[in-house]
Amino acid sequence: MFSKTIDRNGTHALKLERYKNYNGAIPAWVADMDFKSPQCVIDALKKRVEHGVFGYTAVSDELIEAVANFIKKEHGWSVPKEWFAFTSGVVASLNIACGILKENESAITTTPIYPYFLSAPANMKREVTAVRMREIEGRWSIDFDEFEKHIKPNCRMILLCNPYNPGGTVFTKKELLKIGEIALKHNLLICSDEIHADLVLSENVKHIPIASLSPEIADRTITLMAPSKTFNIAGLQSSFALAQNKNLKAAFERSMGHINGGVNLLALTAAQAAYEGGGEWLQNVKEYLRENLKLVRKFIVNNPKLRLLELEATYLAWIDCRALDTDPWKLFLKGGVVLNDGKSFGEGGEGFVRLNFAMPRAVLKEVLSRMENAMR
Ligand SMILES: Cc1ncc(COP(=O)(O)O)c(C=O)c1O
């Protein structure tokens, strides 16, 4: 099902458009998959389009129920209807969440990180402190003593990315409890971006929503989730925030104001269909991604100048190329592959590239072979 190469030319896919002048370089950067979405999504969209009237649309109870059932099944977390606020994307939600902070308040996060964690506070004219991720026992994690030392007196919010992008770490219960403990001790809100929650690839690892750990942690947490990565519908722009605390939810909605006026009706249609009927597709895509990851690992072993730590979730391999002693992004681009440049993820990203391996295996093989040739 996922082995078939689908020609995305002529669809204005961002993945292809931005680097179309690089003479046939294979795009393996921005985080969407080169696979068709679940058939139930395609069918639901067709049906909705056939109706022909595309007016303003409300979020339905059926959609919320479908999402809540999915979260309960996948993550064992019960989320009542009242906790939901729909937005047109997690990046929008990160900005909205930062808007809750007062002008003299700041946020803390980690680096290297998905770039909007650094730009959203800046957009909202709020300061952000970014603490370096550390290699701990073979995976990217947080040195909590160091993290705590960086909390400024005016800090009011932790911006957490779990599963982590880049690097694919799924924080353990122990790590999340530590984050919760720090938040309680310093009276910080937590904005937890869990967009990659449904794409855990390691067999013995489970995603734990931080807000599911205790009512006290939930009380200070806004969780951001979306169907966009899970079911490959990123172009439809749909996501939701979850907050147990009524005041916090109200603050989020106030911050959203009328800027994020409504959610795209086709996004709502696709999301409901995906959450209701996309389960089997999701299992299958994760299986396919696991096999792709094995290929990436083999490639890393065969090229000892490259390193890849434990990647527990996401289809994004965060490759340490520092031993190559050259700009790896440029090197691989010259070799015919477009990756994400580690530098764009902030401090600590220099010398790294991020490879999106959510593509038909034959294409991935070509990508890895081009990368190997580029290093010769
Ligand atoms: C951690 C993280 N948050 C948010 C997004 C984007 O979310 P959206 O497309 O809903 O704005 C991505 C996309 O790669 C991501 O990796």
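Side notes on the structure shown:
- Count of the stretch 118-152 residues which are assigned to a helix (DSSP H, G or I) and hydroxyl-bearing (Ser, Thr, Tyr): 1
- Any hit, the stretch 100-115, residues being in a helix (DSSP H, G or I), surrounded by fewer than 22 Cβ atoms within 10 Å (Cβ to Cβ), of a type outside the set (S, T, N, Q) and modelled with pLDDT of 95 or more: no
- For the stretch 296-355, the set of residues classified as over 15 Å from Pro27 (Cα atoms), within 16 Å of the ligand (Cβ to nearest atom) and in a strand (DSSP E or B) consists of Ala313, Trp318, Phe352, listed by residue number.
- Some residue of the stretch 120-127 being surrounded by fewer than 24 Cβ atoms within 10 Å (Cβ to Cβ), within 21 Å of Ile210 (Cα to Cα) and either at pLDDT below 95 or away from the ligand (no atom under 16 Å from the Cβ) (or both): no
- Any hit, the stretch 66-75, residues being within 16 Å of the ligand (Cβ to nearest atom) and either in the same structural domain as Leu213 (by TED's automatic domain parsing) or not in a helix (DSSP H, G or I) (or both): yes
- Counting the residues of the stretch 302-325 that are closer than 27 Å to Glu17 by Cβ and over 19 Å from the mean Cα position of the chain (by Cα) gives 1.
- Any hit, the stretch 295-309, residues being hydrophobic (A, V, I, L, M, F, W, C) and in contact with a Ser or Thr (Cβ under 7 Å, 6 or more places away or on another chain): no
- For the stretch 134-175, the candidate set comprises residues that are surrounded by 23 or more Cβ atoms within 10 Å (Cβ to Cβ) and among the aliphatic types (A, V, I, L, M); within that set, the residue that is farthest from Asn340 (Cα to Cα) is Met157.
- Candidate set: the stretch 356-373, residues that are assigned to a loop (DSSP other than H, G, I, E, B) and among the aliphatic types (A, V, I, L, M); chosen: the one surrounded by the most Cβ atoms within 10 Å (Cβ to Cβ): Met359
- For the stretch 24-46, residues that are loosely packed, with under 13 Cβ neighbours inside 10 Å and either among the hydroxyl-bearing types (Ser, Thr, Tyr) or free of Cβ contacts under 8 Å to residues at least 24 places away in the same chain (or both) total 1.
- Residues that are more than 15 Å from the ligand (Cβ to nearest atom) and either buried (at least 19 other Cβ atoms within 10 Å of the Cβ) or at positive phi (or both), drawn from the stretch 76-99: Gly76, Trp77, Val79, Trp83, Gly99
- Meets criteria (aromatic (Phe, Trp, Tyr), touching a Leu at 6+ places or on another chain (Cβ under 6 Å) and in a loop (DSSP other than H, G, I, E, B)) for Trp29: yes
- Close pairs (6 angstrom Cβ cut-off, 6 or more residues apart or separate chains): more than 23 Å from Leu265 (Cα to Cα) in the stretch 52-81, at pLDDT 95 or above and assigned to a helix (DSSP H, G or I) anywhere: Trp77/Ile71; Trp77/Ser212; Ser78/Lys72
The values are calculated or read from the model by the stated rules, or taken from the named source; none is laboratory data. Everything numeric here is computed off the predicted structure, so don't read it as measured data. Every residue, glycine as well, gets a Cβ built from its backbone with ideal geometry; the counts of neighbours run over all protein chains shown.
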